[in-house]
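Heads up, the thing below is written out as structure tokens.
The values are calculated or read from the model by the stated rules, or taken from the named source; none is laboratory data. Source: prediction; values computed, not measured. Quick reminder, even Gly has a Cβ in these numbers, built from the backbone with ideal geometry, and neighbours come from all protein chains shown.
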Amino acid sequence: MSRGVETELPQARYSYGGDEFVFVELAEAMSLKVNFRAMAITNKLEEERIEGVMDICPSNASYMVRIDPDVLHPDDLISRLEEIDAEAGDIQGFELRTRVVDVPVMMEDPWTHETLMRFRDRHQDPDATDLEYSARINGYDSKEDFIAALLGSPWLVTMIGFVPGLPWCYQLVPPEEQVEVPKYVRPRTYTPERAFGFGGGFAVVYSVEGAGGYQLYGLAPAPVLDVKQELKDFQDSIVFPKPGDVFNYRGIDREEFDEIRGRVEDGTFEYRKKDFVFHPDRALDDPHTYNEEILGVLYGD
Amino acid sequence: MAIRVKSPGLLTTVQDTGRLGEYAIGMPPSGAMDVFSYQVGNYLVGNEEGAAGLEITYFGPELEFTEDAVVAVTGAQMPPKINGDEAPTWETLAVEAGDVLTFDYLQNGARSYLAVAGGIDVPVFMHSRSTYTLIGLGGHEGRALGEGDELALGEAGDRSDRVGMAVEEQQIPRYSKETELRVIIGLASYRLTEESMVEFLNTTWTVTPDADRVGYRYKGGELGFVEREQPAGAGADQANVVDFGYPVGSIQVPGGVEPIVLMNDAVTGGGYATIGTVISADRDKLAQTKTNDKTRFRSVDLEEALAAREERRKQMAEIKEALTRT
């Protein structure tokens, strides 16, 4: 065996999602590498504009394609996907033309705090807050240290969905630094719109008010979904996040929160963002150095 | 204005073929749950395919027409009455300005469809008129109809020559309290133990009260997962996976006890293991089941699913052909 396990691609599982979907699970475990592979394959598929492909949905460690089987036979699509995976799946030289975005979040805000206290009976640890609990089970000495870790490195948007506009985000840090928390024992029946939460290995911003099971840490003042498309960032789509975006969650105080809310409400808010060519291999090789560079692009002039 | 809602019924929404092609931003398709009945309604009144109609769930509304119209009621047997006189289903009907359309109690099925010549004219949002109530978009003000709502109709011209046209008896679906749904096993079905997969397919499941446009939840068996050390990012519970996409019609088993089939207004992804997908041809049938009905799931291969899809397409084409005046 000359090839090391490291470079071997795990065998993808191709599956029919009924007659209208093809579902491809690249790996059971999440990693940055597997998400880059999903993105490389789905970007390539997008470029090919194959007739009968209706939706291309990259997800965390998998992807899904909705087809019109009257036009495109699922097996024909799968054959092509296998070829694309063989060509592009090792992500060698894969570049992602994307954006790096400043996403302000007020941690320990009064609104999500009120919510999480209301649903204490559905939580693993009714005597702690979600942040205190998450910090403890991830081996942090204090919730402040835990918050510093979440806000200290940027995140990759790895999937959009659940409800319109909700971004799943995976932090651009080495595996041993990844945070992992369980979801609530029983889901809440209420979550405020724009809540910043965490479940499994993923951070999210809830795009709409509703049920939810992720741990609640804070609240974002700016929306990720704008159905009326009143804000500039939403002119082309009701949804702001895109798979492959790099989000930097930046902690803000109540004063800045209120100031941004004011600009959202009068329609003048715009995310701080920069175009960016993301190199997955650099994020895998030396994430912390690369992250410094990414943040330099976002906040430097 | 052409229809005034005197009372809305239990859940009456404007639907069409759905908001397709937006899955990647997390937008479920919405649209008529029973596409067959909805489309045949359009054929009866001579509408273009995709004209919006009303989906009427369990208990019908009371609708006053403010102008003459040509209508048809298809789907669940919820006999329509015009000014109190019973009228046939699966048949083109004439209503006059001032007439009131009501519906008798549900006799079988779950959802009736009202097609009106010209279609229900609500604003198009992202190329569809379908209502998606969760975030309040599409349809009439993004919500189910309420008392006092007024609906406009699209331009229809004179279609009075269609009145009395009917779908042939043998083409009308019969809804039973016991339904078999065909599924393609797959997705993350490897998470279920072999015995549990056998049990899933051998159990007669009962539809719980949690059965709506988002999904149908069933009870009657208990399924177990293959024990594994949970992979990175999946979360601690054996039912959890690294969050992935959910096909429309996919089946998940959150606690191992109550399988859920996701339908038109469902979430587009999440972290519960999915074990298979109801085939597209059988979603119509599923949409006509209701709380306490019995359901069995039968495993089929892709070939059978595609054959069923083709058969349904042909049947709809035949009905359309028979209802097209030359």
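Here are the numbers for the structure shown:
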| read-out | value |
| --- | --- |
| The listed residue being among the charged types (D, E, K, R), touching a helix residue (DSSP H, G or I) at 6+ places or on another chain (Cβ under 6 Å) and modelled with pLDDT of 95 or more, out of B:ASP284, B:ASP293, B:ASP265 | B:ASP284 |
| Subset tally (residues that are facing chain B (nearest Cβ under 7 Å) and either more than 18 Å from B:LEU187 (Cα to Cα) or in a strand (DSSP E or B) (or both)) for segment A:58-68 | 3 |
| Where B:GLU67 falls short, out of the listed (1) more than 27 Å from B:SER176 (Cβ to Cβ); (2) of a type in the set (D, E, K, R); (3) out of contact with any Leu (no Cβ under 9 Å at 6 or more places or on another chain) | (3) |
| Residue satisfying all of: in segment B:56-88; in contact (Cβ under 8 Å) with a residue 24 or more places away in the chain and among the β-branched types (Val, Ile, Thr); farthest from B:ALA32 (Cα to Cα) among these | B:THR66 |
| Counted residues, segment A:185-221 - those being free of Cβ contacts under 8 Å to residues at least 60 places away in the same chain and among the aromatic types (Phe, Trp, Tyr) | 2 |
| Near pairs, Cβ below 9 angstrom, 6+ apart or cross-chain, from segment A:269-285 (within 17 Å of A:SER31 (Cβ to Cβ)) to any residue that is surrounded by fewer than 17 Cβ atoms within 10 Å (Cβ to Cβ) and among the β-branched types (Val, Ile, Thr) | A:ARG282/A:THR289 |
| Residue, surrounded by the most Cβ atoms within 10 Å (Cβ to Cβ), within segment A:264-280, restricted to residues that are among the charged types (D, E, K, R) and closer than 20 Å to A:PHE247 by Cα | A:LYS273 |
| Strands (runs of 3 or more DSSP E) (entirely within segment B:248-326) containing at least 2 residues that are surrounded by fewer than 23 Cβ atoms within 10 Å (Cβ to Cβ) and basic (Lys, Arg) | B:294-299 |
| Where B:ALA115 falls short, out of the listed (1) crowded, with 22+ Cβ neighbours inside 10 Å; (2) in a loop (DSSP other than H, G, I, E, B) | (2) |
| Scope segment A:134-164; condition over 30 Å from A:PHE276 (Cα atoms), in contact (Cβ under 8 Å) with a residue 40 or more places away in the chain and surrounded by fewer than 20 Cβ atoms within 10 Å (Cβ to Cβ); matching residues | A:ILE137, A:ASN138 |
| Unmet criterion (only one of (1) more than 27 Å from A:PHE21 (Cβ to Cβ); (2) not in a helix (DSSP H, G or I)) for B:MET33 | (1) |
| Matching residues, segment B:205-247, being at the interface with chain A (Cβ under 8 Å from one of its Cβ atoms), not in a loop (DSSP other than H, G, I, E, B) and not β-branched (Val, Ile, Thr) | B:ASN240, B:ASP243, B:PHE244, B:GLY245 |
| Test: residue in segment A:11-34 that is part of a loop (DSSP other than H, G, I, E, B) and either in contact with a Cys (Cβ under 6 Å, 6 or more places away or on another chain) or more than 12 Å from chain B (Cβ to nearest Cβ) (or both) | yes |
| The lone exception for A:TYR190 - which of (1) among the hydroxyl-bearing types (Ser, Thr, Tyr); (2) buried (at least 23 other Cβ atoms within 10 Å of the Cβ); (3) closer than 13 Å to A:THR115 by Cα it fails | (2) |
| Qualifying residue in segment A:197-206 (condition: within 30 Å of A:GLN92 (Cβ to Cβ), part of a strand (DSSP E or B) and either charged (D, E, K, R) or out of contact with any Phe, Trp or Tyr (no Cβ under 8 Å at 6 or more places or on another chain) (or both)) | yes |
| Checklist (1) buried (at least 19 other Cβ atoms within 10 Å of the Cβ); (2) more than 9 Å from chain B (Cβ to nearest Cβ); (3) free of Cβ contacts under 8 Å to residues at least 12 places away in the same chain applied to A:ASP55, failing item | (2) |
| Which numbered condition B:PHE244 fails, given (1) closer than 29 Å to B:GLN15 by Cα; (2) out of contact with any Phe, Trp or Tyr (no Cβ under 8 Å at 6 or more places or on another chain); (3) among the hydrophobic types (A, V, I, L, M, F, W, C) | (2) |
| Selection from segment B:30-45 of residues that are surrounded by fewer than 24 Cβ atoms within 10 Å (Cβ to Cβ) and either modelled with pLDDT under 95 or within 14 Å of chain A (Cβ to nearest Cβ) (or both) | B:VAL35 |
| Which listed residue, of B:GLY164, B:GLY148, is exposed (fewer than 12 other Cβ atoms within 10 Å of the Cβ), of a type in the set (Gly, Ala, Ser), assigned by TED's automatic domain parsing to the domain that holds B:GLU91 and farther than 28 Å from B:PRO8 by Cβ | B:GLY164 |
| Meets criteria (within 14 Å of chain A (Cβ to nearest Cβ), of a type in the set (Phe, Trp, Tyr) and surrounded by fewer than 19 Cβ atoms within 10 Å (Cβ to Cβ)) for B:TYR190 | yes |
